[in-house]
1. Search region 255-271 for residues being open to solvent by 10 Å² or more (accessible area, probe 1.4 Å) and charged (D, E, K, R), and hand back the single one that is farthest from Gly172 (Cα to Cα).
2. Only residues that are open to solvent by 70 Å² or more (accessible area, probe 1.4 Å) and in a strand (DSSP E or B): list them for region 103-137, please.
3. Taking the residues in region 215-246 that are within 23 Å of the chain's Cα centre (by Cα) and outside any loop (DSSP other than H, G, I, E, B) as candidates, determine which candidate is farthest from Leu151 (Cα to Cα).
4. Mind checking whether some residue in region 189-205 is assigned to a loop (DSSP other than H, G, I, E, B) and among the hydrophobic types (A, V, I, L, M, F, W, C)?
5. When the residues of region 149-171 are filtered to those that are open to solvent by 30 Å² or more (accessible area, probe 1.4 Å) and among the polar types (S, T, N, Q), which remaining residue is farthest from the chain's Cα centre (by Cα)?
6. Given the residues Val266, Val256, which is the only one that is among the β-branched types (Val, Ile, Thr) and within 30 Å of Asn115 (Cβ to Cβ)?
7. Against the conditions (1) touching a Gly at 6+ places or on another chain (Cβ under 9 Å); (2) more than 30 Å from Asp199 (Cα to Cα); (3) at pLDDT 95 or above, where does Thr111 fall short? Just the number, please.
8. If we keep just the residues of region 186-197 that are under 36 Å from the mean Cα position of the chain (by Cα) and within 11 Å of Val256 (Cβ to Cβ), which is surrounded by the fewest Cβ atoms within 10 Å (Cβ to Cβ)?
Amino acid sequence: MPKFIQCKLKFFIPVFLTAIFVFCFSEQIKADFFPQIFVTELKINEVKGNEIKGEFTAINREKYYSGDLKYEIQLMQGTSLKDFKFVDFLVPKETFFIPPNEIATESFDYTYPKNIISGDYTLRAQIIAPVMGGLGWQDKAVSLQGTGKFLEILSPLSKVLIGNEQHPTLEGANVSPGQSPTAFLTVKNPGEEITVIPDIKIFKRQVDMPLIKEYQDSPIIIASGGTKEINLEMPKFSDPESYLAEVQFYQNQEQVSGTEFFRWVVEGEGGKILNVKIDKDYYKSGDNMELSVDLIGPADGSDIGQGSLEIIVSDKNENLIAKTSKDVSLNSDVFSSTITIPVKNDLIYPKIEVSLAKGGTIFDKRSIELPIFSAEAKQFENELAKKEQNSRIFLYSVLVLLIIILAVSFLVYKFRKKIFNFSFIKLFKARKEKWKT
């Protein structure tokens, strides 16, 4: 087994169900590469029908602003790790920020499959970092009601088949471009005979990243009380990348099974920006901006030598603030870099664009636009607004003065003869009266 796909056992077991969407990076990745963001509290406020409403609180233990965060609501059957059976999940599209050493509270509204078996379940709220996947989480036990028309996927028996080789579902075994792996799974039907349709979604790396392909396979009949072994041929892809397939079974447009995931990697050159963090949400002219960028090489774990990291900083009006680049190594190790950028102009709402490339081929791009959080940034924004207002008032005053001067000049120019003649006549008459006396 290639070294890069051997995730440490002590990490893999506790988060097998919570981080099944995380790409298994190389052994060299340590916990300190993952943003230190945790869920501190999870509340379930209401369960009505098959809808769960609740909220959770998360804290950022980093010294940086971590952006583009998402959260995931997961539902597992059972209330202990050894008994968990993954059922369903929700990943909202919206992203959020948590300032350094501060907390954020998010509300959620999750609708679970109505066909589940009634019983005890575990609801999990987990923070997701782009590309890197699941971070801290909290669990809450909850009793749920369902129709009981639900298939059981026997996850320990599921495999990824590549030719004659069998691989664990989330190992991320390498395939050649254009080669098609097979997802093998075993399904148990505790109820009456049922005809189901496999519903398949293919994501790039993990479920909060782009959905590449979505389709339904041929119908499958599963006998009452029977067990069925199912082979699903996955699509062929040529772009080097880690692919994640989500498989569920549907009947009449309703989910009637839990969820199983299968991962494989198409070999080839590539790289991924794992994380981009920024130290402040505003900068004054003369300040230094500190960025932290983490990245990794090809998904297949190969070493392709040097690449280039390019960073562009602009303001909310797309005005260029700074631009810099740095050579980086692209292999199975995580490359972490702190970059200091002088800021020549006052800056709020900074926009950071980072790209990873080699030989003119761009492997990945990340962009963050940081809103204002801190009291200092809000005060600075007010100062800039007042300064801009004063500048406008001064400009308007100058314009008004120029208009008055131009108007007077125009009138003088237009009526110069009349004014001259009138003044001359007046002067002549005055002199004539003087002579008479």
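1. Among those that are open to solvent by 10 Å² or more (accessible area, probe 1.4 Å) and charged (D, E, K, R), it is Glu269.
2. Narrowing region 103-137 to residues open to solvent by 70 Å² or more (accessible area, probe 1.4 Å): 103, 105, 107, 109, 111, 114, 120, 137.
If the condition is that a residue be open to solvent by 70 Å² or more (accessible area, probe 1.4 Å) and in a strand (DSSP E or B), then Ile103, Thr105, Ser107, Asp109, Thr111, Asp120, Trp137 are the ones that fit.
3. Residues of region 215-246 within 23 Å of the chain's Cα centre (by Cα): 239-246.
Right, trim to outside any loop (DSSP other than H, G, I, E, B) and you get 241-246.
On the way: Glu241: 31, Ser242: 28, Tyr243: 25, Leu244: 22, Ala245: 19, Glu246: 16 Å.
Out of the qualifying residues, it is Glu241.
4. Looking only at region 189-205, we keep the residues that are assigned to a loop (DSSP other than H, G, I, E, B), and these are 189-193, 205.
Restricting the remaining residues to those that are among the hydrophobic types (A, V, I, L, M, F, W, C) gives none.
No, the conditions are met nowhere in region 189-205.
5. Asn164
6. Numbers: Val266 fails: within 30 Å of Asn115 (Cβ to Cβ).
None of the other options fit; the residue is Val256.
7. Here Thr111 clears every test but (2).
8. Top of the filtered list is Ile197.
The values are calculated or read from the model by the stated rules, or taken from the named source; none is laboratory data. Just so it is clear, the model here is predicted, and its values are computed rather than measured. Every residue, glycine among them, receives a Cβ derived from its backbone with ideal geometry; neighbour counts consider all protein chains shown. These accessible areas exclude ligands, DNA and RNA; they are computed on the full protein's heavy atoms, side chains included. Shrake-Rupley method; radii C 1.70, N 1.55, O 1.52, S 1.80 Å.
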